[in-house]
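A.B. asks: Here it is, the structure, as structure tokens.
The values are calculated or read from the model by the stated rules, or taken from the named source; none is laboratory data. Computed from a predicted structure; not experimentally measured. Because the Cβ atoms are built from the backbone with ideal geometry, glycine has one as well, and the counts that use them run over all protein chains shown.
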Amino acid sequence: MSETTQRTEEEWRALLSPEQYEIMRNHGTEPAFTGKYVSTKDDGTYSCAACGEELFSSDTKFESGTGWPSFTEPGVAENIETRIDPSLNMVRTEVLCAKCGSHLGHVFDDGPGPTGKRFCINSCALELEPGDGR
């Protein structure tokens, strides 16, 4: 993992679109089936839209039917952090960028093998860099 990125709230507002700011800094969620990467099958690496840190590989992306891009595992495990999210009267595991602390989505234990994980990530928190996915 690279050095931690720290910015003021004003800097984040200037850097991110209003939708990205709401999701990535205020822990929001984009509406299901509206994100630009929900159905994308292009090869490449998904990076954090806020700081550019490499997060997921297209090799681990799968169609979950949930309305958000889903991955079985991170591309670089140390580039993400997880923490308990007790919001909305339920307990979930939140996924954040380890470099900048931006909210990415949540991880669930209902994904396919071999990990059994479903990293359910907001499209606007990602940037796809074309390539071979790994």
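A.B. asks: Among the candidates Tyr37, Tyr46, single out the residue that is at pLDDT 95 or above, of a type in the set (Phe, Trp, Tyr) and in a strand (DSSP E or B).
C.D. replies: Values: Tyr37 fails: in a strand (DSSP E or B).
The unique qualifying residue is Tyr46.
A.B. asks: Hey, can you tell me all the residues within the range 17-40 that are out of contact with any Ser or Thr (no Cβ under 6 Å at 6 or more places or on another chain) and more than 13 Å from His103 (Cα to Cα)?
C.D. replies: First, pick out the residues of the range 17-40 that are out of contact with any Ser or Thr (no Cβ under 6 Å at 6 or more places or on another chain): 17-23, 25-34, 38-40.
The answer is Ser17, Pro18, Pro31, Ala32, Phe33, Thr34, Val38, Ser39, Thr40.
A.B. asks: Only residues that are out of contact with any strand residue (DSSP E or B) (no Cβ under 7 Å at 6 or more places or on another chain) and of a type in the set (Gly, Ala, Ser): list them for the range 1-49, please.
C.D. replies: Correct list: Ser2, Ala14, Ser17, Gly28, Ala32, Gly35, Ser39.
A.B. asks: Further question: Which of the residues that make up the range 7-34 are assigned to a helix (DSSP H, G or I) and either β-branched (Val, Ile, Thr) or in contact (Cβ under 8 Å) with a residue 40 or more places away in the chain (or both)?
C.D. replies: Our first condition is that a residue be assigned to a helix (DSSP H, G or I); within the range 7-34, this holds for 9-15, 18-24.
Glu19, Gln20, Ile23, Met24 - these are the residues of the range 7-34 that are assigned to a helix (DSSP H, G or I) and either β-branched (Val, Ile, Thr) or in contact (Cβ under 8 Å) with a residue 40 or more places away in the chain (or both).
A.B. asks: Which condition breaks for Asp132 when tested against (1) assigned to a loop (DSSP other than H, G, I, E, B); (2) at pLDDT 95 or above; (3) of a type outside the set (Val, Ile, Thr)?
C.D. replies: With respect to (1) assigned to a loop (DSSP other than H, G, I, E, B); (2) at pLDDT 95 or above; (3) of a type outside the set (Val, Ile, Thr), Asp132 is out only on (2).
A.B. asks: Right, here's the next one. Of all residues in the range 101-116, which are surrounded by fewer than 20 Cβ atoms within 10 Å (Cβ to Cβ), part of a loop (DSSP other than H, G, I, E, B) and not polar (S, T, N, Q)? Working first, answer last.
C.D. replies: Residues of the range 101-116 that are surrounded by fewer than 20 Cβ atoms within 10 Å (Cβ to Cβ), as a first pass: 101, 106, 108-110, 112-116.
Then keep just the ones that are part of a loop (DSSP other than H, G, I, E, B); that gives 101, 109-110, 112-116.
Passing the criteria: Gly101, Asp109, Asp110, Pro112, Gly113, Pro114, Gly116.
A.B. asks: Identify the residue in the range 38-51 that is on the phi < 0 side of the Ramachandran plot and small (Gly, Ala, Ser) and, among all such residues, is surrounded by the fewest Cβ atoms within 10 Å (Cβ to Cβ).
C.D. replies: Step one: filter the range 38-51 for residues on the phi < 0 side of the Ramachandran plot, giving 38-43, 45-51.
Filter again for small (Gly, Ala, Ser), leaving 39, 47, 49-50.
Numbers: Ser39: 9, Ser47: 20, Ala49: 24, Ala50: 24.
Ranking the candidates gives Ser39 first.
A.B. asks: Follow-up. Out of everything in the range 63-96 that is assigned to a loop (DSSP other than H, G, I, E, B) and of a type in the set (S, T, N, Q), what residue ends up being surrounded by the fewest Cβ atoms within 10 Å (Cβ to Cβ)?
C.D. replies: Ranking the candidates gives Thr66 first.
A.B. asks: Let me ask you something else. Hey, can you tell me all the residues within the range 52-62 that are buried (at least 18 other Cβ atoms within 10 Å of the Cβ) and assigned to a loop (DSSP other than H, G, I, E, B)?
C.D. replies: Within the range 52-62, Glu53 is the sole residue that qualifies.
A.B. asks: Can you find, within the range 91-117, the residue that is farthest from Ala50 (Cα to Cα) among those that are in contact (Cβ under 8 Å) with a residue 12 or more places away in the chain and of a type in the set (Val, Ile, Thr)?
C.D. replies: Thr115
A.B. asks: Looking only at the range 52-73, how many residues end up being more than 19 Å from Gly131 (Cα to Cα) and hydrophobic (A, V, I, L, M, F, W, C)?
C.D. replies: Total satisfying the criteria: 1.
A.B. asks: Say we look at the range 2-53 and pick out the residues that are among the acidic types (Asp, Glu) and more than 12 Å from the chain's Cα centre (by Cα); which of these is farthest from Val76 (Cα to Cα)? Outline the logic, then answer.
C.D. replies: Our first condition is that a residue be among the acidic types (Asp, Glu); within the range 2-53, this holds for 3, 9-11, 19, 22, 30, 42-43, 53.
Within this subset, residues satisfying the condition of being more than 12 Å from the chain's Cα centre (by Cα) are 3, 9-11, 19, 22, 42-43.
Details: Glu3: 15, Glu9: 27, Glu10: 29, Glu11: 26, Glu19: 26, Glu22: 25, Asp42: 19, Asp43: 16 Å.
Once the filter is applied, the top-ranked residue is Glu10.
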